[in-house]
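Nothing in this text is a laboratory measurement; each read-out follows from the coordinates by a stated rule. All values derive from a computational prediction rather than experimental measurement. Here the Cβ is made from the backbone with ideal geometry for all residues, glycine too, and neighbour counts use every protein chain on show.
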């Protein structure tokens, strides 16, 4: 395990030098290689971007993102109707999402996505689109995944494992996959955040998966 001060230095350096972020008001605390982010950023994309950057740093065991979104002074916050309309337009234009059964509700900057989509991938893409809209403070994704065809759990599990095994990034030793009513359970250990993400992505993109219960642990090689 890396010393906390070393992890903190790496986190601060990465955030400070990342041109995609305004990290000038982000505060970093590290305890047992668990990172807590606080402070303020000007938009929701910055908040989530900071979390992704920190997750990818070697030695980081977990990230708690408590950053608050504070819009710049003078910024005109869209009203609820305007925000809903903008999100619906973005979803309509995104060819990766079947948005015919997606409902959008906005309450003071918080977006609620409701309804159904055919795949877990589309649920995730819809959430990413909503988070990218200027004026959004938070996104609550209540979309239900309803596949267009019923696939046996055993077959779904086989295909998830096959995708993980074929992914050259992931080391599959010690990874276990279970499936119940389309919900995939992942347990075991991986040696890095990038390999954890590789396993998660393999499951997300498999036909028949409606949800993922992630219990994987990251244990860095010494």
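Taking 0.36 nm per residue of sequence separation and removing the Cα-Cα distance, the residue 19/residue 66 pair yields an extension gain of 14.8 nm.
Calculated from DSSP H runs of 4 or more alone, at -39500 (n - 2.57) each and per residue, what is the 222 nm mean residue ellipticity of the chain, nearest 500? For the chain, the value works out to -11000 deg cm²/dmol.
Taking the DSSP bridge list for the stretch 153-218 and keeping only pairs wholly inside it, about 40 percent are antiparallel. The distance between label points at residue 95 and residue 151 comes to 2.3 nm (points 7 Å beyond Cα on the Cα→Cβ vector).
Each part gets one Cα centre, and for the stretch 26-104 versus the stretch 112-189 those centres are 19 Å apart. State the antiparallel share, in %, of DSSP beta bridges confined to the chain, rounding to the nearest 5. Percent antiparallel among DSSP bridges in the chain is about 45.
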